[in-house]
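A.B. asks: Structure below; questions to follow.
The values are calculated or read from the model by the stated rules, or taken from the named source; none is laboratory data. Remember, predicted model here, so these are calculated numbers, not experimental data. Backbone-built Cβ (ideal geometry, glycine too); neighbour counts: all protein chains shown.
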Amino acid sequence: MTKKILNQNANYTLEIIRSVEEEFTFEKKPINRFQITNGFENDQTFSKRDKLDDLKKKVDSIDNCNLKNHSKKIIMGSGELNSPIMIIGEAPGLDEENSGLTFEGNVGQLLEKMLLAIEIQRKKIYTTYSVNFRPPNDRKPSSSEIKRYSIFLKEHISIIDPKILILMGSTAMEAITGFNGKISNERGQWKEIILKNKTYPLIITYSPSYLIRYPEFKKYSWADLKEIRNKIQDLNIRI
């Protein structure tokens, strides 16, 4: 189940985005950052790695899956396992299939720009996909495929246990919320999902791959990024 959360505290000085080939910029001084090094967090990391290894085996054991049968490699996730921010994309592409990592190539470069615009280093967050195999011809996963993999995705979320979920693209939106309508009707609004009796705030926005194809939508993505920055501050999240 999901519900919308109103957040009307956004008040940033930078409001003008270029109309063509917009660049994401943010003109505040960097916030203080810290690196977790205590024993508890190290133990937590090892525990998450073990759980993710078990989850990977479950995903890789799927039978009669067109995605798996036409893909070379399983793609699980990349980044900081203890990050308070978890980004869920749509599906791996050729670059990701070749590297075994998430958000590679031009898509990864744009994602890094987007995060830096709100003073977040990409290495500080965790990223994954709605499905774990590259679809044939990079097509959009079907609703049945999305639903099948959503079981594993939700377990993935519970393992990482972030403070905020960012869903990038309509496939990620459908996988987590069940909505399969236009992303323009749902983006930029805070919602909640409850997994294993724990509530996770989430926001839906456009995927970097979509923004590369349609740069005119970057102005909406920038508005979503500011909402994310607001939520990070409201929840007193340090990253």
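A.B. asks: Quick check on region 37-48: of everything there that is loosely packed, with under 12 Cβ neighbours inside 10 Å and either under 21 Å from the mean Cα position of the chain (by Cα) or assigned to a loop (DSSP other than H, G, I, E, B) (or both), which residue is modelled with the highest pLDDT?
C.D. replies: Asn38
A.B. asks: Also: Would you confirm, using the coordinates I've provided, whether Ile31 is in a loop (DSSP other than H, G, I, E, B) and either modelled with pLDDT of 95 or more or buried (at least 16 other Cβ atoms within 10 Å of the Cβ) (or both)?
C.D. replies: The answer is no for Ile31.
A.B. asks: Do the conditions hold for Leu116, that is, is it surrounded by fewer than 23 Cβ atoms within 10 Å (Cβ to Cβ) and either assigned to a loop (DSSP other than H, G, I, E, B) or hydrophobic (A, V, I, L, M, F, W, C) (or both)?
C.D. replies: yes
A.B. asks: Next up: Lys51: in a helix (DSSP H, G or I) and more than 19 Å from Arg148 (Cβ to Cβ), yes or no?
C.D. replies: Answer is yes for this residue.
A.B. asks: Between a first residue in region 81-108 that is at positive phi and a second residue that is of a type in the set (A, V, I, L, M, F, W, C), which pairs have beta carbons less than 6 Å apart while being 6 or more apart in sequence or on different chains?
C.D. replies: Phe103/Leu111
A.B. asks: Let me ask something additional. Any chance region 58-77 includes a residue that's in contact with a Ser or Thr (Cβ under 6 Å, 6 or more places away or on another chain) and either β-branched (Val, Ile, Thr) or modelled with pLDDT of 95 or more (or both)?
C.D. replies: Scanning region 58-77, I find at least one residue that is in contact with a Ser or Thr (Cβ under 6 Å, 6 or more places away or on another chain) and either β-branched (Val, Ile, Thr) or modelled with pLDDT of 95 or more (or both), so the answer is yes.
A.B. asks: Further question on the same structure: Looking at the structure I just gave you, is Pro141 under 21 Å from Ile204 (Cα atoms) and in contact with an Asp or Glu (Cβ under 8 Å, 6 or more places away or on another chain)?
C.D. replies: So Pro141 passes the test.
A.B. asks: Kindly list, by first and then second residue, each pair from a residue in region 205-222 that is within 19 Å of Glu104 (Cα to Cα) and in contact (Cβ under 8 Å) with a residue 24 or more places away in the chain to a residue that is of a type in the set (Ser, Thr, Tyr) and surrounded by 22 or more Cβ atoms within 10 Å (Cβ to Cβ), limited to pairs with Cβ atoms under 7 Å and residues at least 6 apart or on different chains.
C.D. replies: What qualifies is Thr205/Ser221; Tyr206/Ser221; Leu211/Ser221.
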